[in-house]
Amino acid sequence: MVHLGPKPPQHRKGTFTDVSPALMSTLKELESQFTVSGETLRKIVDHFITELDKGLSKKGGNIPMIPGWVMDFPTGKETGDYLAIDLGGTNLRVVLVRLGGNRDFDTTQSKFALPSHMRTATSEELWSFIADCLKKFYDEEFPDGVKEPLPLGFTFSYPASQDRISQAVLQRWTKGWSIDGVEGKDVVPMLQSAIEKVGVPIELVAVINDTTGTLVASSYCDPEAKLGLIFGTGVNGAYFDVVGDIPKLEGKTAEDVTPDTPMAINCEYGSFDNEKVILPRNKYDIIIDEESPRPGQQTFEKMNSGYYLGELLRLILVELAENKKLIFQNQDLTKLKQPFVLDTSFPARIEEDPFENLSDVQELFYDYLKIETTVPERKVIRRISEMIGERSARLSVCGIAAICKKRGYKTAHCAADGSVYQKYPGFKARAAKSLRDIFEWPADLEDPIIIVPAEDGSGVGAAIIAALTKKRLKEGKSVGIKA
Ligand code: GLC
């Protein structure tokens, strides 16, 4: 049977007769600003490949292409108890992973809500918050203590350079984080000393990116898994390269490493096109960038990741209401004018509204923003949300296509995780369709490169990587650049 993936959601054509001509023409203009043709996607992918290569070169480029020092594929026979923590956008997740040794595992986890000010708190506050959560979890799970310190894998999902797996020098914060005194520093001693202060026997053995964790956890269960991807608050991917194809590692690896040794690469491709030569940015993208804590950075991510989709919608609505005076007339726009007041669940819920008169959208705007909407306004809001969601899916697969082309993968399972992948309506179908537009597979060919749901990368992946690291160390093998 030919599998062409689920059908993308269709917007409701021909139902805009009650929308005023002025609003309609603005909508058309927006449509042209948010539409990315197959041809444009293919051009983006070509440039993307060049940039991935540049990132691996000695000179380097915009895309960091960070070697993650995971140099073994998991065998599935790894055993033992490991702790994993994942510092996400809204939660800190602590996971106890028991690797069973037969491609099996058990997990127990707790989620701790990050206080809302944490994104901009002080460095000490952040590390002691994490250490306190670890202590709470440890006290609950190990009331009788442990014989040996528990190895910890820390999923730190920001661009961090690593000379070895137990080091992570934060290059810069992304996704709206901005804590002073961390950029340019190794986060490991900071966290380890906070852990020592609370007095729990936990040893930080590996710092990993969420994409690397996703890649490793998924390849543990599925040998066809070639990419680990996150479509969430941020957007990024990891894959296995070989050391011989990474010019910037030349002369830097230890004797046990050969040119065909695998090496997990955390691409950090959210920073693709920071020099702004190929991505079709529109004025809303430019505002998002200029008003962000790190203007000029993460150009690709700012156009398609979950952190920005609600804000894109908000900026457009403010313009339509305030500057163009086409919607929400004589209403209080105070709430709507608050930056980032709409998170990604907003356009997602708008797209999901099943009612012809979009009554869910009506409720949402009233409950949340105290704005009354008319039916034509709601249709326009819905169409704008579709445009934002569709562009996000189309752009975000460019990274997948570029890696597959670069590594010559004709078939692949691309293991994906993240809130946008999991929850944004239509994302999966739109992403699959966009891959088709890029690769131009014949209509009767089943999609050879597919996006599949990932295993828990930041829990199980971090634990497996901690296990692989312990094993390498025990065997006297290297876990970083040569000493
Ligand atoms: C941002 C981070 C990156 C992470 C991605 C997904 O792009 O810089 O490290 O993998 O978000 O969480």
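The values are calculated or read from the model by the stated rules, or taken from the named source; none is laboratory data. Given the structure is predicted, the values throughout are model-derived calculations rather than measurements. Note: ideal-geometry Cβ built from the backbone for every residue, glycine included; neighbour counts use all protein chains shown. Protein only, heavy atoms only, side chains kept; ligands, DNA and RNA dropped before computing areas. Shrake-Rupley method; radii C 1.70, N 1.55, O 1.52, S 1.80 Å.
Run the numbers on the chain and let me know its relative contact order in percent, using alpha-carbon pairs under 8 Å that are six or more apart.
With pairs under 8 Å counted, the relative contact order is 24 percent.
Any chance you could look up the accessible area of T75 with a 1.4 Å probe, heavy atoms only, rounded to 10 Å²?
Surface accessible to solvent at T75 totals approximately 80 Å².
Given a Förster distance of 35 Å, report the FRET efficiency between E356 and E275 from their Cβ-Cβ distance, rounded to the nearest 0.05.
Here the calculated transfer efficiency is 0.15.
Just how large is the dipole of the chain about the Cα centre, in debye to the nearest 20, putting +1 at every Lys and Arg Cβ and -1 at every Asp and Glu Cβ?
Once rounded to the nearest 20, the dipole reads 840 debye.
Taking all pairs of different Cα atoms in segment 73-208, averaging 1/r and flipping that mean, what Kirkwood radius in angstroms comes out?
15.5 Å
Quick check: with the 1.4 Å probe, what order do E319, E446 take by accessible area, largest first?
Sorted descending by solvent-accessible area, the residues read E446, E319.
Report, in degrees rounded to the nearest 10, the 0 to 90 angle that the Cα long axis of helix 398-407 makes with the longest principal axis of the chain.
Relative to the chain, helix 398-407 is tipped by roughly 40 degrees.
Whole angstrom only: what separates the Cα centroid of segment 134-158 from the Cα centroid of segment 43-113?
After rounding, the separation between the Cα centres reads 19 Å.
With contacts defined as alpha carbon pairs under 8 Å and 6 or more residues apart, what's the relative contact order of segment 73-208 in percent?
25 percent
Residues with beta-carbon under 14 Å from that of S57, excluding S57: net charge, scoring Lys, Arg +1 and Asp, Glu -1?
+1
What nm value, rounded to one decimal, do you get for the distance between D367 and I49 when each label is placed 7 Å out toward the C-beta?
Here the answer is 4.8 nm between the modelled labels.
How far, in nm, would the chain grow between H117 and K248 when pulled straight, counting 0.36 nm per residue and subtracting the alpha carbon separation?
Fully extending the segment from H117 to K248 adds 43.4 nm.
Please give the helix 359-369 orientation as an angle from the longest Cα principal axis of the chain, in degrees from 0 to 90, rounded to the nearest 10.
Relative to the chain, helix 359-369 is tipped by roughly 70 degrees.
Measure nothing fancy, just the Cα-based angle from helix 210-221's long axis to the longest principal axis of the chain, in degrees from 0 to 90, nearest 10.
Tilt of helix 210-221: around 70 degrees.
How big is the gap, in Å, between the Cα center of segment 359-383 and the Cα center of segment 403-433?
31 Å
Projecting each Cα onto the charge dipole of the chain (Lys/Arg +1, Asp/Glu -1 at the beta carbon, about the Cα centre), which of S161, V19, A84 comes out farthest on the positive side?
Highest projection toward the positive end goes to V19.
Quick one: work out the % antiparallel among DSSP beta bridges in segment 73-208, nearest 5.
DSSP beta bridges in segment 73-208 are roughly 70 percent antiparallel.
K482 to D222: FRET efficiency via 1/(1 + (r/R0)^6), r the Cβ-Cβ distance, R0 22 Å, to the nearest 0.05?
0.10
Could you work out the mean projected area of the convex hull around the alpha carbons of segment 70-117, in square nanometres to one decimal?
4.2 nm²
So for the pair K325, K423, with labels modelled 7 Å out along Cα→Cβ, what separation do we get in nm?
3.8 nm
Given contacts defined as C-alpha pairs under 8 Å and at least six residues apart, what's the relative contact order of segment 27-99, whole-number percent?
16 percent
Tell me, what is the per residue accessible area of the chain in Å², probe radius 1.4 Å?
Per residue, the chain has an accessible area of 41 Å².
Hey, if we sort M65, M24 by accessible area with the 1.4 Å probe, largest down, what's the order?
Reading off the accessible areas and sorting them downward yields M24, M65.
Of the beta bridges DSSP finds with both residues in the chain, what % are antiparallel, to the nearest 5?
The antiparallel proportion sits near 65 percent.
Where the convex hull is taken over the Cα atoms of segment 254-339, what is its projected area averaged over directions, in nm²?
One quarter of the hull surface, i.e. the mean projection, equals 8.6 nm².
For an R0 of 45 angstrom, estimate the FRET efficiency from the Cβ-Cβ distance between T107 and W441 and round to the nearest 0.05.
That gives a FRET efficiency of 0.75.
At E124 and K474, where each label point lies 7 Å from the Cα along Cα→Cβ, what is the point-to-point distance in nanometres?
4.0 nm
Can you tell me the Rg and the Dmax, both Å, for the Cα atoms in the chain?
Final numbers for Rg and Dmax: 23.1, 74 Å.
How large is ³J(HN,Hα) for each residue in segment 254-264, as worked out from phi by the Karplus curve 6.51 cos²θ - 1.76 cosθ + 1.60 (θ = phi - 60°), to whole Hz, x for Gly and Pro?
6, 4, 6, 9, 10, x, 9, 5, x, 9, 6
Summing Lys, Arg as +1 and Asp, Glu as -1, what charge do residues with Cβ under 9 Å from the Cβ of I481 carry, I481 excluded?
+2
By how many nm would the segment from K59 to D144 grow when fully extended, if each residue of separation counts as 0.36 nm and the alpha-carbon distance is taken off?
25.4 nm is the gain from fully extending K59 to D144.
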